[in-house]
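Please read the structure below before turning to the comments.
The values are calculated or read from the model by the stated rules, or taken from the named source; none is laboratory data. Since the model is a prediction, treat every value here as computed from it, not as a measurement. Note that each Cβ is placed from the backbone with ideal geometry, even for glycine, and that neighbours are counted across all protein chains shown.
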Amino acid sequence: MSIVKDMSLAESGRTKIQWVRSFMPALSAIEERFEREKPFAGLRIAVSVHLEAKTANLGLVLAKGGAEVHLTGCNPLSTQDDVAAGIASMGVDTYGIHGVTPEEYEDLLVKTLACHPHLIVDDGGDATLLIHKGYKAENDASTLDYEPSSYEEEVILSTLRTILAEDGRKWHRTVDEWRGVSEETTTGVHRLYQMQARGELLFPAINVNDSVTKSKFDNLYGCRESLADGIKRATDVMIAGKVAVVCGYGDVGKGCARSMRSYGARVIVTEIDPICALQAAMEGFEVKTVESALPEGNIFVTCTGNCDIITLEHMERMRDQAIVCNIGHFDNEIQMAELEIYPGIVRTEIKPQVDKYTFPDGHSIFILAEGRLVNLGCATGHPSFVMSNSFTNQTLAQIELWTRKMDVDVYRLPKHLDEEVARLHLDNLGVRLTKLTPKQADYIGVPVEGPYKADFYRY
């Protein structure tokens, strides 16, 4: 049974879902195939994603494939209450409310996983992490006895202790039916590789994030549009003429830096990786440390997937009226917990997801979306078309997990599926491909029909 804020919002949510469906051509093509073939008939799929219209459409497509879908959010601020009500009214079990506490967030996740899913679509790895931690604790309860690094982690440990006391085999029963997970984000993928390296990964996982049609499209082109969208909706400031500091120059950082430059900002990039730093310099960006950029920066954007990128000491030294936001998955790229307890700090809510923090010395900074994903907390995430790429990859990954016999490991989708995802979008853009002659294909050593690049090729 669904748990949403207000079912009276369902009509608005359904309207949004129907709207985005028009702009997700590849996913629509997959849906047509699914309706005929029903590849997920009899399966239970748990989906933990940003609960907005585009992800709701993903849930519908999986359901059209025959799955019993259980959908929840992966961020307390990205759930849209009308969309949650809308997708629930369309027959998908939905557990999502905007602005829930960490305790409520974990409770909704636990309720979603109570279906004992055969497959999981994860965004950030929260569902996967909860199952693995719970399973490990059922084998050795002392694994929960450590000092948490954040309040959110403390809540996770408390939730698992409560469950363990009530049912000492809950997570073992879940694992008994679980066939695998497909992961959407860089952060979630890092978790998977870490678990595999430690020998703790319980089931096969597919790294969707590093599919070319995900990382080079969602991360790059999606952020290029959605970062500015979030900042503009939240603040209505003029970006032109300002100095934007982009922390990290991976695919997400590349999109963010280009976004800020396109609006007329002077962009400074911070990096740890010499290759990424060199790329930034070749694109004409200044590359500095955060510390050296503090006197200049008007807008700070974190996009590393790491922790403590913008520290309390940094915020103490920022210019008056600086805007600080994050487009990484979690809220720990910015030291929000430390900021909240800073002696003498005054927090003033300007409007939802825009907070002014005034330091005792009188200077103020603005934090967007409480340090969480600014493009989803203050806007609606990436455009529908680019998410069609990502979610088509997710549906193909789910089929791979169910139909292939896979050892416990972290996999990537084959190159030919990457190319299939791209092909499904071309007609919508009016693209016509050149076709290789047999002589040309033989000359470069590839099949006429593809794939055309080696796995190591960097797009």
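Each row is one residue, and each column tells you yes or no for (1) modelled with pLDDT under 95; (2) in a loop (DSSP other than H, G, I, E, B); (3) among the charged types (D, E, K, R).
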site: 34; (1), (2), (3): yes, no, no
site: 47; (1), (2), (3): no, no, no
site: 51; (1), (2), (3): no, yes, no
site: 59; (1), (2), (3): no, no, no
site: 72; (1), (2), (3): no, no, no
site: 78; (1), (2), (3): yes, yes, no
site: 84; (1), (2), (3): no, no, no
site: 107; (1), (2), (3): no, no, yes
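Do you know which of the residues in the stretch 50-68 that are charged (D, E, K, R) and in contact (Cβ under 8 Å) with a residue 40 or more places away in the chain is surrounded by the fewest Cβ atoms within 10 Å (Cβ to Cβ)? My answer is 68.
Residues in the stretch 176-195: is at least one under 24 Å from the mean Cα position of the chain (by Cα), over 29 Å from residue 327 (Cα atoms) and not basic (Lys, Arg)? First the steps, then the outcome.
Quick first cut of the stretch 176-195, residues under 24 Å from the mean Cα position of the chain (by Cα) only: 178-195.
Of the ones still in play, those that are also over 29 Å from residue 327 (Cα atoms) are 178-179.
When the remaining residues are screened for being not basic (Lys, Arg), the result is 178.
The answer is yes, given that some residue of the stretch 176-195 is under 24 Å from the mean Cα position of the chain (by Cα), over 29 Å from residue 327 (Cα atoms) and not basic (Lys, Arg).
Could you go through the stretch 242-253 and let me know if any residue there is over 17 Å from the mean Cα position of the chain (by Cα) and assigned to a helix (DSSP H, G or I). No, the conditions are met nowhere in the stretch 242-253.
Can you pull out every residue in the stretch 425-442 that is surrounded by 13 or more Cβ atoms within 10 Å (Cβ to Cβ) and either without any contact (Cβ under 8 Å) to a residue 24 or more places away in the chain or farther than 18 Å from residue 384 by Cα (or both)? It would help to see each step written out before you state the result.
Of the stretch 425-442, the ones surrounded by 13 or more Cβ atoms within 10 Å (Cβ to Cβ) are 425-426, 428, 436, 441.
Selection gives 426, 436, 441.
Could you tell me which residue of the stretch 199-219 is nearest to the chain's Cα centre (by Cα), considering only residues that are in a loop (DSSP other than H, G, I, E, B) and farther than 16 Å from residue 395 by Cβ? That would be 210. Residue check: is residue 218 in contact with a Ser or Thr (Cβ under 9 Å, 6 or more places away or on another chain), surrounded by fewer than 21 Cβ atoms within 10 Å (Cβ to Cβ) and over 29 Å from residue 143 (Cβ atoms)? In short, no.
Contact map, the stretch 7-28: first residue assigned to a helix (DSSP H, G or I) and modelled with pLDDT under 95, second residue of a type in the set (Gly, Ala, Ser) and surrounded by fewer than 19 Cβ atoms within 10 Å (Cβ to Cβ), Cβ cut-off under 8 Å, separation 6 or more or different chains; pairs are 21/28.
Screening residue 189 against (1) assigned to a strand (DSSP E or B); (2) of a type in the set (A, V, I, L, M, F, W, C); (3) within 22 Å of residue 395 (Cβ to Cβ) leaves a single unmet condition, (1). Among the residues examined, residue 226 qualifies as at pLDDT 95 or above, surrounded by 19 or more Cβ atoms within 10 Å (Cβ to Cβ) and touching a Pro at 6+ places or on another chain (Cβ under 9 Å). Candidates in the stretch 352-380 are the residues that are in a strand (DSSP E or B) and touching a residue at least 40 places away in the same chain (Cβ under 8 Å); of these, the one that is farthest from residue 187 (Cα to Cα) is 364. One residue stands out in the stretch 296-334 among those that are at pLDDT 95 or above and among the acidic types (Asp, Glu): the one that is nearest to residue 187 (Cα to Cα), namely 333.
Counting just the residues of the stretch 397-411 that are in contact (Cβ under 8 Å) with a residue 40 or more places away in the chain and either touching a helix residue (DSSP H, G or I) at 6+ places or on another chain (Cβ under 6 Å) or part of a loop (DSSP other than H, G, I, E, B) (or both), which one comes out nearest to residue 213 (Cα to Cα)?
Pass one, the stretch 397-411, residues in contact (Cβ under 8 Å) with a residue 40 or more places away in the chain: 397-403, 406-411.
Still in the list and also either touching a helix residue (DSSP H, G or I) at 6+ places or on another chain (Cβ under 6 Å) or part of a loop (DSSP other than H, G, I, E, B) (or both): 406-410.
Details: 406: 23, 407: 25, 408: 24, 409: 22, 410: 18 Å.
Selected residue: 410.
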